[in-house]
Amino acid sequence: MIDIFRALDSGFRKVRSKRDEKTLTDHFVQKAVRELNLWMDPVETVCQRGSKVTVGEAMHKPDESEFIQEDDSLEKALSYLVMGVHQPLIVKKGNDVTGVLRFGNLFEVVHKRLVACALT
């Protein structure tokens, strides 16, 4: 889905190339796994540790870029999601949370509009 949105607007390809410069490389990830012993404990140890983790410790805490107002445009939401904001976007009306906007929801709307377009 994200590839389709990027193909429809060449500006997103420029953003992608800038983001890719910050992408974790295979070398970096492998080095971190070795140096930090990531996921090297026996499964039983991980399970014991995991049984004590609380929701608050595991959850993602959204920042301001992950909130969108009900009356914001779909273009704004699309830009946030294509440029890599954590999904879903939390929808607010004023200060109250009223729902979430998932990438699939947005894709469905755009897909219907594209299919309805008269091609010349």
- prompt: What helices does the chain have that are whole DSSP H segments, at least 24 Å long along their own axis by Cα, and with mean Kyte-Doolittle hydropathy of 1.6 or more?
  reply: none
- request: Give me the net charge of residue 107's neighbourhood, meaning all other residues with Cβ under 13 Å from the Cβ of residue 107; Lys, Arg count +1, Asp, Glu -1.
  value: +2
message: Give me the tail of P(r) for region 2-116 as a percent: Cα-Cα pairs with distance above 26 Å.
response: 44 percent
field: HN-Hα J in Hz across region 56-61 - Karplus 6.51, -1.76, 1.60, θ = phi - 60°, x for Gly and Pro
entry: x, 6, 8, 6, 7, 9
- line: In the chain, taking the dipole from +1 charges on Lys and Arg beta carbons and -1 charges on Asp and Glu beta carbons about the Cα centre, the listed residue (84, 42, 25) farthest towards the positive end is 25
statement: With the 8 Å Cα cutoff and a minimum separation of six or more residues, region 2-116 has a relative contact order in percent of 19 percent
- prompt: Using the 10 angstrom Cβ neighbour count as an exposure proxy, how do 98, 54 rank, fewest first?
  reply: 54, 98
task: Let me know the charge dipole size of the chain about its Cα centre in debye, to the nearest 20, where only the beta-carbon of Lys, Arg (+1) and Asp, Glu (-1) is charged.
output: 300 debye
query: Let a ≥ b ≥ c be the square roots of the eigenvalues of the Cα gyration tensor of region 71-120; is it rounded (a/c under 1.5), or, if not, prolate (a/b larger than b/c) or oblate?
result: prolate
query: Under 5 Å between amide H atoms, partner at least 5 residues away or on a different chain: which partners does residue 92 have, H built in plane at 1.01 Å?
result: 68, 69, 70, 98
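Taken together, the values in this text are just the output of simple stated rules run on the coordinates, not laboratory data. Predicted, not measured: the structure shown is a model, and the values here were computed from it. Backbone-built Cβ (ideal geometry, glycine too); neighbour counts: all protein chains shown.
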